[in-house]
1. Ranking THR46, THR266 by Cβ neighbours within 10 Å, fewest first, what do you get?
2. Please get the size of the charge dipole for the stretch 4-239, origin at its Cα centre, with Cβ charges of +1 on Lys and Arg and -1 on Asp and Glu, quoted in debye to the nearest 20.
3. Which of PHE339, SER471, ASN409 sits farthest toward the positive end of the charge dipole of the chain, with +1 on the Cβ of Lys and Arg and -1 on the Cβ of Asp and Glu?
4. How far is helix 407-419 tilted, in degrees, relative to the longest principal axis of the Cα atoms in the chain, given as a value from 0 to 90 rounded to the nearest 10?
5. Choose one of GLN87, ILE258, ILE225: the residue whose Cα lies farthest towards the positive end of the charge dipole of the chain (beta-carbon charges +1 Lys, Arg; -1 Asp, Glu; about the Cα centre).
6. If we sort 198-210, 400-412, 363-375 on the protection proxy, mean other Cβ atoms within 10 Å, highest first, what's the order?
7. Toward the positive end of the charge dipole of the chain, about the Cα centre and with charges on Cβ (Lys, Arg +1; Asp, Glu -1), which of LEU125, LEU351, SER236 goes farthest?
8. Treating the angle as unsigned and between 0 and 90°, give the value, to the nearest 10°, between the Cα long axis of helix 174-189 and the longest Cα principal axis of the chain.
Amino acid sequence: MESIAVEMRDITKIFGHKAANDHVNFTLRRGTIHGLLGENGAGKTTLMNILYGLYKPEGGDIFLKGERVDIQSPEKAISLGIGMVHQHFMLANPLTVTENIMAGNFRKRQILLRKDQFRREVLELAERYKMKVDPDSYIWQNSVGEQQRIEILSVLFQDIDILILDEPTAVLTPSETDELFITLRELVDDGKSIVMITHKLDEILQVADEVTVLRDGKNVGCRKIDETVTKRDLSSMMIGYDIDLDLQSTHECTGDCIALSVKDLTVKNDKGLIALDHISFDIKEGEILGLAGVDGNGQKELCEALTGLRPVEAGQIYVKGDDFTGKNSKDFINAGVSFVPEDRRDVGLALDWNIANNLIIKEYGTDAFSSRGLLLRNKIKSHAKEMIERFDIRAIGEDALVKDLSGGNQQKVILARELNGLPSVLIANQPTRGVDINATMNIRREIIESSNNGTAVLLVSADLEEIIQVSDRIAVIYDGKIMGILPGRSSVAEIGPLMLGERMQRHDETASA
């Protein structure tokens with residue numbers, strides 16, 4: 001038993017009438033990295049939330065180093081040496097980065113540390129792990145990717161033996177991911193034990209020692225990672241059948257009509273600093289332009305400016321030749337511009353509404369779903385059922401509250417709404433973040449199909465595999481500037497240096513191509 005860090009036996013957790021975990025057994029060995037795979041709603045995060053003390057199971061037992069423990073709260077988990085970085089962040093928006101880390105650190109806050117001393121420690125730890133943060137900024141001023149780094153730093157401050165990471169590399173470049181994996185290996189060499197929830201099969205094969213797969217709340221198998229295990233093996237375990245992982249974009253952009261044009265665009269961030277510095281690009285009808293870059297380099301501000309949610313300091317935005325600079329979000333919606341935001345919970349959805357109502361948020365009051373000021377409930381329900389089937393939204397029905405769905409199914413609701421009716425322009429910011437492999441492939445196919453039908457797509461993604469697989473051209477952003485625009489199918493080796501700030505030679509000629 002000395003080699004076992006955690007053993008969870010017959011864990012059962014029920015929400016309503018559904019078993020999120022159905023007598024699940026899970027074993028984490030000391031000094032190893034254990035991958036946890038499964039489709040959205042399979043029960044992965046629920047299982048780890050139980051280990052972290054956020055949920056109390058209806059049945060089962062947890063053993064640490066052979067001794068049974070009762071984990072009633074995250075504070076108890078931390079006292080036992082268990083830390084967790086969540087997919088949905090647990091940060092206080094009104095506080096600064098330093099204040100959040102101080103408030104969230106149960107052990108060090110027992111020692112009277114001066115704030116300036118703690119701030120220096122934050123900077124030292126951030127530098128050690130190559131995680132750039134501003135310790136004096138407020139949480140609401142940071143992008144989703146920056147908030148992810150803050151969460152990781154907060155947990156690293158705690159004296160933990162067991163580290164749970166939920167999608168830890170979603171906002172990292174390939175080189176940063178490699179550096180993180182080196183750090184994780186150093187931690188396990190020191191005897192730490194790590195659980196990594198991820199939808200990236202390549203990461204499991206690259207860094208994990210073992211992997212457990214959940215499906216429909218049950219443990220369907222545990223495999224040791226060696227040269228015999230393939231992505232196809234793992235994906236088949238996840239969904240119960242083989243899927244095609246070799247998605248190829250077969251459409252060709254042959255049109256000459258510019259659907260979206262950005263000219264010398266300058267935009268400020270929430271701190272009042274320049275986030276976009278005179279950037280320019282065009283997207284033709286039926287074209288997918290991928291935007292690669294480390295999160296926090298202006299992507300969020302660009303997407304908001306292109307949908308009327310953020311003011312423009314200088315430059316112009318044209319939609320199908322019409323100047324939309326300074327117009328509001330409703331004007332963009334009426335022009336056929338759809339938007340998939342990076343923050344699905346706070347920006348993309350009305351969490352307390354059901355699926356049916358979320359699917360028609362942009363069409364309330366239109367003839368499609370209302371008459372003489374009254375909503376046409378039958379049409380709304382019929383539309384919802386159609387979208388649920390088309391996008392494989394896993395829910396008990398169209399009346400299910402969106403807040404009760406898994407993160408991946410919440411994302412499917414947004415995609416269903418924004419792709420409905422064939423938009424002229426689609427701004428998609430991290431459309432597959434936190435989504436399982438099967439849903440990811442379906443979302444990518446839907447985006448390609450939309451472009452096949454004439455939609456101009458700006459695809460913003462921290463997943464280079466996605467950018468390379470789907471895009472017709474690839475723009476790379478760094479520090480609010482476009483470093484270069486490459487052809488689709490460019491390699492990671494070509495994209496990576498631009499993501500680190502190395503400007504592409506002859507950029508002006510490439511960008512205007």
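None of the figures in this text is laboratory data; all of them are computed from the coordinates on show. Just so it is clear, the model here is predicted, and its values are computed rather than measured. Note that we place each Cβ from the backbone using ideal geometry, even for glycine, and neighbour counts take in every protein chain shown.
1. Values: THR46 22, THR266 16.
With the fewest neighbours first, THR46, THR266 line up as THR266, THR46.
2. Dipole magnitude for the stretch 4-239 comes out near 440 debye.
3. ASN409
4. Approximately 10 degrees, to the nearest ten.
5. The listed residue farthest towards the positive side: GLN87.
6. 400-412, 198-210, 363-375
7. LEU351
8. 10
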